[in-house]
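Visitor: Quick one: the structure is below, and I'll ask about it shortly.
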Amino acid sequence: MTLELDRLHKTFDDFTALDRISLTVEGSEFVCLLGPSGCGKTTLLRIIAGLLTQDSGRLLLDGKDLSAVPARERGFGIVFQSYSLFPNMTVAENIGYGMRIRKAERAKIAARVAELLELIKLPHLADRLPYQLSGGQQQRVALARAVAVDPRLILLDEPLSALDAKVRADLRVEIRELQRRLGIPTVMVTHDQEEAMMLSDRIVCMNAGRIEQVGAPQDLYLRPATKFVADFMGSSNLLPTDWVRDAMPALMNSRPDGADADYLACLRPEHVRLQPLDAGEARVVDVTFLGNISRTKVAWKGRELMVQTGHVGGVAPGAAVAVSVDAAGCGWVRA
Amino acid sequence: MSIAAVEVAERSGFRLRRAGNDRLLIAAAIALPCLALLIFFVFPLAMMLRRSLVADDGSIGFANYVALARTPGILKATLNSLTLGLATTAVCLVLGFVLAYTMTRTRVPGARIISAVLALPMLAPSLVLGLGLIFLLGRNGLISGMLGKRIDIYGLPGLLIADVLYALPQAVLILKAALAHADARYYDAAEVMGAGRWRQFFDITLPNVKFGLLSAGFVVFTVTITDFGNAAVIGGDYAVLATEIYNQVTGQMKFGIGAVVGLLLLAPTGIAVYIERVAAQRQFGGGAEGAVPPQLSFVPARDVPLSIVTGLATLSVLAVIGVVIYASFMRLWPYRLTFTLKHYDITLSGGYAPLWTSLLVSVVAASVGTFLLFALVYGIRRLPSLPAKIVYLVATMPVGVPGLVLGLSYIFAFNIAGSPLSVLYGSALLLALCNFYHYHTQGFLTMVTGMRAVPPALEEAATCLGSGAGEVLANVIIPVMTPTLISVFFFLFMRSMVTLSAVIFLVTPSLGIAAVSVMRLDEAGFVSQAAAFSTCIMLVVCAAALAMQLALKWLAARGGRR
């Protein structure tokens, strides 16, 4: 299966929701559309589902143009944030709905439903109505309903956002297992970078209707291409070239060519080390204790750096420290 | 893969031809109700406007307007209507607020009984209240007899009381809804900051219901100045616009003047509706999510006076309606109070036929109305935003047209020789349509609210699973909206059973309806028979109300929640 987005463009009145998006989803990969609200990720998902039409650009499935195929004939499975189970149907009826629409035989539907109920570990709830289920259970049923018709693509629209933290973590694992097991390519929308990193084979980081960067979770975290990605995926120290040249000359080796203003150094807080030293040039400004780690803000050479460390004795606000940098962990991003 | 892939019907193009059917369904859902709205609402009003500009000699101009200004009594009737409307509004707001406050914010017992009693006037034709007042305070009234002196109830006093009792329940409903949206956290904050109870009342309670008060005020005013039944029964010599317009048209065949008065009556209600709408929009977003309901406590200094006022008001409503039922079984009111059924033998021409006509008209109005409203609300969502806004606007306009005016306008639209539409004139179907469009807005808004409860994601989920428009309708929209459909059906049925002002112009000697019969019986002096006939109407409407409650309860039990 290959889903190809070719320069998809969508505007709402004056607002450009998607700015010529091109992307390819292949094989049985799990792709996350990640970005802040308003970045266009949901719009993109809805266009893929066929619930919205693009203004221009093409959407190809295995080379066939989908533009003229209405949502209900695309054969995709979708799960929404709001569960959206049919309130008047039982769990089993909900799961079997897509097959009933396709006029599948009754016995086949029953067998498939039973199989899926087993898979989502809710076989005892087949005859319940949705309101009798917890949020996590409802979302599992929604997932089963989406995969029941053996979809060519699964679309997940922030499926975990309405759940509380514990349930969310459990279901996250289950979604990943289910997807691996079925081998159905999946596109998920989320604004939670942790969720995206845990689930995805590839992350598509979006901002303001454009794709900032596409890549494996490690790529995006360790080698962010743009300032936005560096900022959005975890926290980082973004440092201007002239300051780096002066303070951390070791980092200049990896810098791409270009004018000073074109690139910023991206230094993750865990790649900075502190050493309590009376003669240190840096001063500790603030320490936030987070249990297993501490986040320390230090003032050094006219800038403030965010540093993440294990416990270092003698680091208290006002203390003098020496700063050293792990040059290999530094990347450069376009400003 | 551990799961055997299930064979499903060939995916690609497995129902392409159905896309055309979907489009047809949606087009019909938009076209049918819009066309009906044009023919049975917009067209009659346009015809009335035209008729007001055509003088009796056929010339076009403002001759009718001049003639109206010269018609003796019109100015007086207008002033009388305004006086009555303002007085009724003032009384209803104060009383309505007290009742609503008592029911929502205090622990005065019996809120359910009060609600039930207050629902009674809405289950009966308005003139039943006038009738009841006459039985109590009229020349042969029960209370007049006890006091041993003659009370002159006919005219403004009687009209005021009857209209207050008629409009009060509607005011209470609106104010209760406004008062129900309370957030205890405001009161807690005020309490902590040291505000006393009165202070909290004036700083929190009142400001939060100001739009409710405004809205209730306009509803009461509109209902009062356009009510026909009470003016006919208990108005006496106190001429009001509603009766004046009837006399001009039915009595003196002055259609041109009737059209002008009809248009003029559009003004106050139109303004009222407009202000109410603006107010409603401004109130939007006022209620915070997750409001904490206030803890109710018993405060004697507040609750004792409140319960006395509430008790008296409730008792008055109960007495006025109860006495009508009671009197219908009494041999000779008020002299021989022995039980008899003889008044149920209606001697006026037609007997009970008008009741059956009303029943038929109401069933048709409710069925056709529910169907058209559902189609309209279903179709309107698929329209682009500008046409949708226009349709929405037109669909909500009928509330600004008093029944009296709508009925009158039907004469100009459907009583024209040679017009193909004139076949409808004098038919029960036209009465049903008139009643439906009279209450179009309320039904429409209920339907819109019901449609909003259909989660868009649910429809999208069904679509992605392969449902066509018809399947989405059957599996998602209709199941979610069943309670709404039931409510709208019974609302239209019950209103259609009791309304008088719209259809008074459309009834013919061979096509009478129940509420008109009551009026005719009363005019003819058969007051006890009028009471008996009223009781029958109330019985039918109460049965309908009961049926609705049962249906909704059954649905709720079956669906688990809702």
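The values are calculated or read from the model by the stated rules, or taken from the named source; none is laboratory data. These numbers were taken from a predicted model, which means no experiment stands behind them. Using ideal geometry, Cβ is built from the backbone for each residue, glycine included, and neighbour counts are taken over all protein chains shown. The accessibility values were calculated without ligands, DNA or RNA, using every heavy atom of the protein model including side chains. Shrake-Rupley method; radii C 1.70, N 1.55, O 1.52, S 1.80 Å.
Visitor: Name the residues whose placed amide hydrogens come within less than 5 Å of the amide hydrogen of A:VAL189, ignoring near sequence neighbours (fewer than 5 apart) on the same chain.
Guide: Placed amide hydrogens put A:LEU33, A:LEU156, A:ASP157, A:GLU158 under 5 Å from A:VAL189.
Visitor: Length gain on complete extension for the stretch B:PHE298 to B:ALA190, per 0.36 nm per residue less the alpha carbon to alpha carbon distance? Working shown, then result.
Guide: Working: separation 108, 0.36 × 108 = 38.88 nm, distance 1.90 nm.
This chain segment gains 37.0 nm when fully extended.
Visitor: Got the relative contact order for chain B handy, in percent, Cα pairs under 8 Å and 6 or more residues apart?
Guide: Working: 746 pairs, mean separation 121.2, N = 562.
Reported relative contact order: 22 percent.
Visitor: Distances longer than 31 Å among the Cα atoms of segment A:2-225: what percent of all pairs is that? Please list the in-between numbers first.
Guide: Working: 5145 of 24976 pairs.
Above the 31 Å cut-off, segment A:2-225 has 21 percent of its Cα pairs.
Visitor: About the Cα centre of segment A:49-124, how large is the charge dipole given +1 on each Lys and Arg Cβ and -1 on each Asp and Glu Cβ? Please answer in debye to the nearest 20. Working shown, then result.
Guide: Numbers: 11 positive and 8 negative charges, 44 e Å.
For segment A:49-124, the charge dipole is close to 220 debye.
Visitor: Around B:ILE143, with a cut-off of 15 angstrom between Cβ atoms, what is the net charge of the other residues, counting Lys and Arg +1 and Asp and Glu -1?
Guide: Working: positive: B:ARG139, B:LYS149, B:ARG150; negative: B:ASP152.
Result for the local shell: +2.
Visitor: How much accessible surface does B:LEU546 have with a 1.4 Å probe, in Å² rounded to 10?
Guide: 110
Visitor: Toward the positive end of the charge dipole of segment A:228-313, about the Cα centre and with charges on Cβ (Lys, Arg +1; Asp, Glu -1), which of A:MET252, A:LEU238, A:LEU277 goes farthest?
Guide: Of the options given, the answer is A:LEU277.
Visitor: Mind grabbing the base-10 log of I(q)/I(0) for segment A:235-334 at q = 0.11, 0.13, 0.19, 0.24 Å⁻¹? Debye formula, identical points on the C-alpha positions, no solvent, two decimal places.
Guide: Reported log10 I(q)/I(0), two decimals: -0.32, -0.44, -0.88, -1.26.
Visitor: Excluding ligands, DNA and RNA, what is the accessible area buried between chains B and A, summed over both sides, using a 1.4 Å probe, to the nearest 100 Å²? Can you show the working numbers first?
Guide: On the way: alone 26990 and 15960 Å², together 39470 Å².
Answer for the B-A pair: about 3500 Å² buried.
Visitor: Keeping all protein chains in the complex and leaving out DNA, RNA and ligands, what accessible area do you get for A:TRP243 with a 1.4 Å probe, in Å² to the nearest 10?
Guide: Approximately 30 Å² for this residue.
Visitor: Sticking with this one: Roughly how many debye, to the nearest 20, is the charge dipole of segment A:235-334 about its Cα centre, given +1 on each Lys and Arg Cβ, -1 on each Asp and Glu Cβ, and no other charges? Write out the running numbers ahead of the final one.
Guide: On the way: 10 positive and 11 negative charges, 41 e Å.
In debye, rounded to 20, segment A:235-334 gives about 200.
Visitor: Would you mind working out the accessible area per residue for segment A:197-331, using a 1.4 Å probe, and quoting it in Å²?
Guide: Numbers: 6430 Å² over 135 residues.
Heavy-atom SASA per residue in segment A:197-331 reads 48 Å².
Visitor: Give the cross-link partners of A:LYS301 among the aspartates and glutamates, using a straight C-alpha distance below 14 Å as the criterion and excluding same-chain residues fewer than 8 apart.
Guide: Cross-link targets: A:ASP242, A:ASP246, A:GLU281.
Visitor: Accessible surface of B:ILE275 in the full protein assembly, 1.4 angstrom probe, to the nearest 10 Å²?
Guide: 60
Visitor: Right, next: Do you know which residues of segment B:454-471 lose at least 20 square angstrom of accessible area in the protein assembly compared with their chain on its own, with a 1.4 angstrom probe?
Guide: Buried by 20 Å² or more upon assembly, which counts only protein chains, are B:ALA457, B:LEU458, B:GLU460, B:ALA461, B:THR463, B:CYS464, B:LEU465, B:GLY466, B:SER467, B:GLU471.
Visitor: Mind listing the long-range amide H neighbours of A:ILE78? Cut-off is under 5 Å, sequence gap 5 or more, other chains count too, H placed in the peptide plane at 1.01 Å from N.
Guide: A:LEU155
Visitor: Could I ask something else about it? For peptide A:71-82, compute the average count of partner chain beta-carbon atoms within 10 Å of each residue's beta-carbon.
Guide: Details: counts 7, 16, 11, 5, 7, 3, 3, 6, 3, 7, 1, 5.
Average per residue, whole number: 6.
Visitor: If you don't mind, there's one more thing I want to ask. From Cα pairs below 8 angstrom and at least 6 apart in sequence, can you work out the relative contact order of segment B:97-233, rounded to a whole percent?
Guide: Numbers: 109 pairs, mean separation 45.4, N = 137.
Across segment B:97-233, relative contact order equals 33 percent.
Visitor: Output the residues of segment A:100-143 meeting this criterion: accessible area (heavy atoms, 1.4 Å probe) in the chain alone minus accessible area with all protein chains in place is 30 Å² or greater.
Guide: Flagged in segment A:100-143: A:ILE101, A:ARG102, A:LYS108, A:ARG112, A:GLU115, A:TYR131.
Visitor: Based on a Kirkwood Rh over C-alpha pairs, give the Stokes-Einstein translational diffusion coefficient of segment B:156-302 at 10 °C and viscosity 1.306 mPa s in µm²/s.
Guide: Values: Rh = 18.4 Å.
So the translational diffusion coefficient is about 86 µm²/s.
Visitor: While we're on this one: Size of the dipole of the protein assembly as shown about the Cα centre, Lys and Arg at +1 and Asp and Glu at -1 on the beta carbon, nothing else charged, in debye to 20?
Guide: Its charge dipole is roughly 1940 debye.
Visitor: Something else: Considering every residue in A:181-189, what mean count of other chain Cβ atoms within 10 Å of its Cβ is obtained? Please report the intermediate quantities before stating the final value.
Guide: Details: counts 3, 4, 1, 1, 0, 0, 0, 0, 0.
Mean inter-chain Cβ contacts per residue within 10 Å come to 1.
Visitor: Applying a 10 Å radius around every beta-carbon, put B:515-521, B:359-365 in order of their mean neighbour count, most first.
Guide: Result, highest mean Cβ count within 10 Å first: B:515-521, B:359-365.
Visitor: Of the options A:LEU305, B:ILE513, A:PRO123, report the single residue whose Cα projects farthest towards the positive end of the charge dipole of the protein assembly as shown (beta-carbon charges: Lys, Arg +1; Asp, Glu -1).
Guide: B:ILE513
Visitor: Can I ask one more? Assuming R0 = 35 Å, can you tell me the calculated FRET efficiency for the pair A:SER235 and A:ARG152, based on Cβ-Cβ distance, to the nearest 0.05? Present the calculation step by step, with values, prior to reporting the outcome.
Guide: On the way: r = 38 Å, r/R0 = 1.09.
FRET efficiency, A:SER235 to A:ARG152: 0.35.
Visitor: Let me ask another. Return the calculated 222 nm mean residue ellipticity for chain A, to the nearest 500 deg cm²/dmol, obtained by summing -39500 (n - 2.57) across DSSP H runs with n ≥ 4 and dividing by the residue count.
Guide: Details: 9 runs with 92 residues, N = 335.
Calculated mean residue ellipticity at 222 nm is -8000 deg cm²/dmol.
Visitor: May I ask which of B:LYS76/B:LYS254; A:LYS10/A:LYS64; A:LYS41/B:LYS389 have a Cα-Cα span longer than 26 Å here?
Guide: Values: B:LYS76/B:LYS254 18 Å; A:LYS10/A:LYS64 21 Å; A:LYS41/B:LYS389 29 Å.
Cα-Cα > 26 Å for A:LYS41/B:LYS389; rest within.
Visitor: Here is a follow-up. Quick check for you: with a 1.4 Å probe and neighbouring chains kept, what is the accessible area per residue of chain B, in Å²? Display every interim value, and only then the final one.
Guide: Numbers: 25240 Å² over 562 residues.
About 45 Å² of surface per residue is accessible.
Visitor: Just going by the charge dipole of segment B:15-153, with Lys and Arg at +1 and Asp and Glu at -1 on Cβ, which of B:TYR101, B:CYS34, B:PHE135 is farthest out on the positive end?
Guide: B:TYR101
Visitor: Please figure out what share of the DSSP beta bridges in the protein assembly as shown is antiparallel and state it in percent, rounded to the nearest 5. Don't skip to the end; give the middle numbers.
Guide: Numbers: 53 of 71 bridges.
Looking only at bridges with both residues in the protein assembly as shown, the antiparallel portion is about 75 percent.
Visitor: If you don't mind, another one. If I compute solvent accessible area with a 1.4 Å probe over the protein chains, what percent of it on segment B:18-152 is carbon and sulfur? The partial results should precede the final answer.
Guide: Details: 4760 of 6750 Å².
Carbon-and-sulfur percentage of accessible area, whole number: 70.
Visitor: If you don't mind, there's one more thing I want to ask. Cross-link candidates for A:LYS108: which lysines have Cα within less than 28 Å, leaving aside residues fewer than 8 places away along the same chain?
Guide: Within the straight-line cut-off, A:LYS108 pairs with A:LYS121.
Visitor: Let me ask something else about it. Out of the total accessible area of chain A (probe 1.4 Å, heavy atoms of protein only), what percent is carbon and sulfur? Don't skip to the answer; put the middle values down first.
Guide: Details: 6990 of 14240 Å².
Reported share for carbon and sulfur atoms: 49 percent.
Visitor: Going out from 0 in 20 Å bins, what whole percent of all Cα-Cα distances in chain B drops into each bin?
Guide: 19, 50, 26, 4, 0
Visitor: Evaluate peptide B:478-485: per residue, the Cβ atoms of other protein chains within 10 Å of its Cβ; return the mean as an integer.
Guide: On the way: counts 1, 4, 3, 0, 1, 0, 0, 0.
The shielding value for this peptide is 1.
Visitor: Let me ask something else about it. Taking 2.2 N^0.38 Å as the expected size of a compact globular protein, what ratio does the Cα radius of gyration of the protein assembly as shown give against it, to two decimals? The partial results should precede the final answer.
Guide: Numbers: Rg = 35.9 Å, N = 897, 2.2 N^0.38 = 29.1 Å.
Expressed relative to 2.2 N^0.38 Å, the Cα Rg reads 1.23.
Visitor: Per residue of chain B, what 222 nm ellipticity follows from adding -39500 (n - 2.57) for every DSSP H run with n ≥ 4, rounded to the nearest 500? Can you show the working numbers first?
Guide: Working: 25 runs with 375 residues, N = 562.
Rounded to the nearest 500, the figure is -22000 deg cm²/dmol.
Visitor: Here's another thing I want to ask about it. When we measure straight from the Cα of B:LYS553, which lysines land under 25 angstrom away, once same-chain ones fewer than 8 places off are left out?
Guide: Hits, sequence-local ones excluded: B:LYS176.
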